[in-house]
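Colleague: Starting off with a structure, shown below.
The values are calculated or read from the model by the stated rules, or taken from the named source; none is laboratory data. Not measured: the values here are computed from a predicted model. Cβ sites come from the backbone with ideal geometry, for glycine too, and all protein chains shown count toward neighbours.
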């Protein structure tokens, strides 16, 4: 299995600004701001430089308004279906069309994704890139940094339980990594990353977590582990604290159950270019 995860959330931007004037027979172009990279700026749009394929236009939009002159704004976004690389192109122009003369001022902007490579165990691996990769490779949960698994749990639980989740895990955290702020009683969560797909979570970590909950006077808890299953002793502890009403809620979540939660909540991760779409649509709404 590849240990590398690619991230395309950052981008490079270049701009070109120029005026065009003249008539239908002849137009003069006056460059005001040259792009930093002419070769990149003027190459064909919608071509993935990594997969070497033409890629589809995944979003296009345009609007026009008139305030003495016609102002046009148009964007296109392409995304590679193979690797996720994307490119954004925006053209904004002010146009005056007289009987014998045309005057156009135009601003072009290009943004294209910058590839960043991370090892699957890298603590600095962006959570969005990790969640995107988890849609394809669930088994990387065994290899990610333990602290990063806590971040994954934070993201998944916030969507799954529809509540705020605070990441509180640190040295000396008393066995609590996440705090689900739901109703009047918060839910304490401990997260354990186990590296073996065959690991069975024994009773001792569950007892320690129960003890931590008692010390914090908590009534609700979740123990999340990438273990294949929980031992009979661990399940007996869970049954005991619920039957004796020591806790109001106590769940043991293993690898397969957590994967099911990820599958339910995976639509919560936006594509890197979605912020640019929202920005354009707000701009369009404000000018129509």
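Colleague: Tell me, please, whether a residue that is within 22 Å of the chain's Cα centre (by Cα), part of a strand (DSSP E or B) and either at pLDDT below 95 or not assigned by TED's automatic domain parsing to the domain that holds residue 74 (or both) can be found in the range 186-209.
Modeller: Within the range 186-209, one or more residues are within 22 Å of the chain's Cα centre (by Cα), part of a strand (DSSP E or B) and either at pLDDT below 95 or not assigned by TED's automatic domain parsing to the domain that holds residue 74 (or both).
Colleague: If I ask for residues that are within 18 Å of the chain's Cα centre (by Cα) and either surrounded by 16 or more Cβ atoms within 10 Å (Cβ to Cβ) or modelled with pLDDT of 90 or more (or both), which ones from the range 77-108 would you list?
Modeller: Matches in the range 77-108: 77, 78, 79, 80, 81, 83, 84, 85, 86, 87, 88.
Colleague: Find the strands (runs of 3 or more DSSP E) located wholly in the range 109-182 whose residues include 2 or more that are farther than 26 Å from residue 196 by Cα and modelled with pLDDT of 90 or more, and list them. Steps first, please.
Modeller: Details: elements: 116-119, 164-167, 178-181.
It comes to 164-167, 178-181.
Colleague: Cβ contacts < 7 Å: first residue assigned by TED's automatic domain parsing to the domain that holds residue 11, restricted to the range 88-105; second residue modelled with pLDDT under 75, any location; separation 6+ or different chain. Result?
Modeller: 100/23; 101/23; 102/22; 102/23
For every residue, the table says whether it meets (1) in contact (Cβ under 8 Å) with a residue 24 or more places away in the chain; (2) under 18 Å from residue 219 (Cβ atoms); (3) surrounded by fewer than 17 Cβ atoms within 10 Å (Cβ to Cβ).
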site	(1), (2), (3)
126	yes, no, no
139	yes, no, yes
147	yes, no, yes
154	yes, no, no
168	no, yes, yes
186	yes, yes, no
191	yes, no, no
197	yes, no, yes
202	yes, no, yes
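Colleague: On the basis of being within 29 Å of residue 139 (Cα to Cα) and out of contact with any helix residue (DSSP H, G or I) (no Cβ under 7 Å at 6 or more places or on another chain), does residue 225 make the cut? Spell out how you get there, then give the answer.
Modeller: Numbers: within 29 Å of residue 139 (Cα to Cα): yes; out of contact with any helix residue (DSSP H, G or I) (no Cβ under 7 Å at 6 or more places or on another chain): yes.
In short, yes.
Colleague: Can you tell me which of (1) in the same structural domain as residue 134 (by TED's automatic domain parsing); (2) surrounded by 15 or more Cβ atoms within 10 Å (Cβ to Cβ); (3) at pLDDT below 95 is the one residue 215 doesn't meet?
Modeller: (2)
Colleague: A further question follows. Return only the number of the condition from (1) part of a loop (DSSP other than H, G, I, E, B); (2) in contact with a strand residue (DSSP E or B) (Cβ under 7 Å, 6 or more places away or on another chain); (3) over 28 Å from residue 120 (Cα atoms) that residue 213 does not satisfy.
Modeller: (1)
Colleague: When you scan the range 240-266, how many residues do you find that are closer than 18 Å to residue 190 by Cβ, part of a helix (DSSP H, G or I) and more than 37 Å from the chain's Cα centre (by Cα)?
Modeller: Here the count works out to 2.
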